[in-house]
Amino acid sequence: MQFEFLLEQVVNGLVLGGYYLLIALGLSLIFSVGGIVNLAHGAFYALGAYVCVELTKRLGFGASVVISPFAVALLGILFERFILRRFYTADPILSLLVTFGLAMVAEQAIRMIWGAAPVTTEIPQNFRGSVIIGDFLFSRYRLLILAVVAAVLLGIWLLLQKTSFGRVVRAGIQRPDMVAALGIRLQPYMTAIVMLGVGMAALGGAFFAPITTVHPAMGAEIMTIAFVVVVIGGLGSFWGVVISALLVGVVRGIAIHFEPAAGEASIYILMFLVLLVRPRGLLGERIEKFE
């Protein structure tokens, strides 16, 4: 029984890791291409959750988890066009201050629109209950989340590795000077990356709304863990962030199994140990424009 319960915690940790991945991967991509640490990234996650809750009342959960990320991604276009674009070549401190301020504004705007009290939505009827696999019991909805995260991850990997768009983005991360010399403007690609990143954050908020508390400060809360995931994985590393997110989720799940109060602390202990051995993170790369 102890082993079975531990395995269930590992699976739950993978679900949690997938949740972190949706937030952290977008954050990492925006930083890698634009050199901007987007402190407002969590606000888009919170917006995704709230829009999903609101649309579920009218359209049902299935339609809301599709519409919500697209709606927030369109908002990301405006965010990149009128805010981020001004700071690509500016002092990074300025973008930190602006996105931090925007995160505070977004949180207060959510309080004004939806109120300070937490809101909830229910797990769809078709995905309630559990699935028995051998001697193990798994939540249907959590298995759905795992499948969605895997599909999103595959889609992003194919986009970055197998398309001309991905080749330009990867070149822009590693050798932006060469891309500019070839006459390729990175701004349209950056708009697409921001749209993709905030859309993934909103997707995470939408799918986790039924199993977590939706409240105005949820964006600020997830940002700390998202930064830990990116730092552990290594700046500029796609697979580093993927491995880090799953590792953080599993470590936290196992830690909670042994000591519920140790779940949060285990994440920071893991970050300390990784950075002690490898300061660049697990798969961190040398980023020329910062050296």
Show me, for segment 81-94, the HN-Hα J-couplings you get by feeding each phi into the Karplus relation (A = 6.51, B = -1.76, C = 1.60, θ = phi - 60°), rounded to Hz, glycine and proline as x. 5, 9, 10, 4, 4, 6, 10, 5, 10, 8, 4, x, 4, 5
Amide H neighbours of residue 130 under 5 Å, at least 5 residues apart or on other chains, H built in the peptide plane: list them. 140
Among 258, 227, 238, determine the one that fluctuates most according to a GNM of the chain built with springs between C-alpha atoms less than 10 Å apart. 258
Measure of exposure for residue 67: accessible area at 1.4 Å probe, Å² rounded to 10, is 70
Residue 212 to residue 269: FRET efficiency via 1/(1 + (r/R0)^6), r the Cβ-Cβ distance, R0 25 Å, to the nearest 0.05? 0.60
Tell me, what ³J(HN,Hα) does each residue in segment 180-197 have, in order and in whole Hz, if you take phi through Karplus 6.51 cos²θ - 1.76 cosθ + 1.60 with θ = phi - 60° and put x for Gly and Pro? 5, 5, 7, x, 8, 7, 7, 4, x, 5, 5, 4, 5, 5, 5, 4, 5, x
Taking H placed 1.01 Å from N in the peptide plane, check which residues at least 5 places from residue 214 or on another chain put their amide H under 5 Å from its amide H. 119
Round to a whole angstrom and tell me the spacing of the C-alpha centers of segment 155-169 and segment 21-42. 17
Taking H as built 1.01 Å from N, whose amide H comes closer than 5 Å to the amide H of residue 137, not counting residues under 5 places away? none
Mind jotting down the distance between the C-alpha centroids of segment 213-237 and segment 70-121, whole Å? 15
What angle, in degrees between 0 and 90 and rounded to the nearest 10, separates the Cα long axis of helix 2-34 from the longest principal axis of the Cα atoms of the chain? 20
Using only the Cα atoms of the chain, what do you get for the radius of gyration and for Dmax, in Å? 19.0, 62
Rounded to 10°, Cα long-axis angle of helix 164-174 versus longest principal axis of the chain: 70
Highest-fluctuation residue, 112, 200, 218 considered, GNM on the chain with Cα pairs under 10 Å: 112
Test of understanding: in a Gaussian network model of the chain with alpha carbons linked when under 10 Å, which of 249, 263, 26 would top the mean-square fluctuation ranking? 263
Taking a crude spin-label model, label points 7 Å out from Cα along the C-beta direction, the residue 105 to residue 132 distance in nm is 5.5
List residues of segment 10-30, by number, whose backbone nitrogen lies under 20 Å from a label position 7 Å along Cα→C-beta of residue 224. 16-25, 27-28
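The values are calculated or read from the model by the stated rules, or taken from the named source; none is laboratory data. Everything numeric in this text was worked out from a predicted model, so none of it was measured. Glycine gets a Cβ as well: all are built from the backbone with ideal geometry, and neighbour counts include every protein chain shown. The accessibility values were calculated without ligands, DNA or RNA, using every heavy atom of the protein model including side chains. Shrake-Rupley method; radii C 1.70, N 1.55, O 1.52, S 1.80 Å.
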